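Below is one structure, written out as structure tokens; the observations come after it.
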Amino acid sequence: MALDVASKVAIITGAGSGINFSFAKLLLENKCNVILADLTLRPEAADLVSSYSDGSATPRAIYMRVDVTDWKQLEEMFRMAEHEFGHADIICPGAGVFEPVSTAKNEVPFSNFWIPPATGSSADSPQMSRYASIDINLSHPIRCTQLAISHFIRHKIPGSIVLISSMAAQSSYIGCPLYVAAKHGISGFVRSLAGLERPPNPKVPPIRVSAVAPGIVKTPIWLESDKIQWLHSEKDKWVAPEEVADVMLGLIQKDDYKGGSVVEVGRNKVRKVEMLNDPGPQGDGLTVSAGVKGVEEVWKRLSEPSWGQYT
């Protein structure tokens, strides 16, 4: 069910920067209208919206401030699409956060397994009874996918949903267990929805749900995180966000990969990740050669007698 994006409408969360910004830009260049949903826009994203904001021209770009942990705001994205364009055809719940081991260089707190709720600079609290990073990285894509399926059924149109997994979904790493758990969840979730592309009931339109699993992408999520120290400047290579965006476009417009596919994106390398007996990520853009630094930081934290204690 390849879907030509020209004249279609896409909703992208996290479109203010990184992979999702590159995807929004690529869709607009291919004449697809885009709603960029994010808390803020970086200057390049703001310029993109400005350059496609002429209400009389197509395609159009619209910015909508959205907190993806608020399900009511996710619903409002679809209402916006209906009000401005009639409906949406492509959904990318791409907003995500990392799990830095240290927050010493950051001015805002993070959701981090190794900084438990009510300790240190954690963004989580016992009163919340939840982890913010799981809300963003896993719960928001799941809820957004539910809303998208309902939207496509109500409007009786085929649709495409592209999620963002990670090479972390093929491995385990003690430095960022919440992030790894969320990305494993995304890959399993996408594979579970493969059958939506071939619905047995004619009242249900075909819906393709697929995902990219990028390696080390040169975006703020790495460049502005303490995780940058996990990379070896000579051994590890960057994946360009444009490379990932191009694969995401292919998941919509081509039949190379069917619904339920999880596609790894390394540097100049693309391959389908098999559910069973997959060899795992390897090659340029898919290595973290200095990851031992993150492991050392974890053990340093755990050596503190008060780790995890609450009052």
*Kindly provide the set of residues from the stretch 196-253 that are buried (at least 16 other Cβ atoms within 10 Å of the Cβ), without any contact (Cβ under 8 Å) to a residue 60 or more places away in the chain and among the basic types (Lys, Arg), ordered by number.*
Lys218, Lys237
*Selection status of Tyr179, without any contact (Cβ under 8 Å) to a residue 60 or more places away in the chain and in contact with an Asp or Glu (Cβ under 6 Å, 6 or more places away or on another chain)*: no
*Is at least one residue of the stretch 287-309 out of contact with any helix residue (DSSP H, G or I) (no Cβ under 7 Å at 6 or more places or on another chain), small (Gly, Ala, Ser), over 19 Å from Ile115 (Cα atoms) and surrounded by 14 or more Cβ atoms within 10 Å (Cβ to Cβ)?*
no
*Give the residues of the stretch 50-75 that are within 20 Å of the chain's Cα centre (by Cα), closer than 19 Å to Ser22 by Cβ and not in a loop (DSSP other than H, G, I, E, B), sorted by residue number.*
Ala61, Ile62, Tyr63, Met64
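For every residue, the table says whether it meets (1) surrounded by fewer than 20 Cβ atoms within 10 Å (Cβ to Cβ); (2) at pLDDT 90 or above; (3) at positive phi; (4) hydrophobic (A, V, I, L, M, F, W, C).
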{"position": "Val101", "(1), (2), (3), (4)": "no, no, no, yes"}
{"position": "Asn106", "(1), (2), (3), (4)": "yes, no, no, no"}
{"position": "Pro116", "(1), (2), (3), (4)": "yes, yes, no, no"}
{"position": "Ser121", "(1), (2), (3), (4)": "yes, no, no, no"}
{"position": "Asn137", "(1), (2), (3), (4)": "no, yes, no, no"}
{"position": "Cys144", "(1), (2), (3), (4)": "no, yes, no, yes"}
*Being more than 20 Å from the chain's Cα centre (by Cα) and not aromatic (Phe, Trp, Tyr), is that true of even one residue in the stretch 30-37?*
yes
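Condition first: within 27 Å of Leu28 (Cα to Cα) and of a type in the set (S, T, N, Q). Now tell me which residues in the stretch 230-286 satisfy that.
Filtering the stretch 230-286 for residues within 27 Å of Leu28 (Cα to Cα) gives 238-272, 285.
Passing the criteria: Gln253, Ser261, Asn268.
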*Would you call Ala88 surrounded by 15 or more Cβ atoms within 10 Å (Cβ to Cβ) and either closer than 20 Å to Leu138 by Cβ or in contact with a helix residue (DSSP H, G or I) (Cβ under 7 Å, 6 or more places away or on another chain) (or both)?*
yes
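The values are calculated or read from the model by the stated rules, or taken from the named source; none is laboratory data. Fair warning: this is a prediction, and the values are worked out from it, not measured in the lab. Glycine gets a Cβ as well: all are built from the backbone with ideal geometry, and neighbour counts include every protein chain shown.
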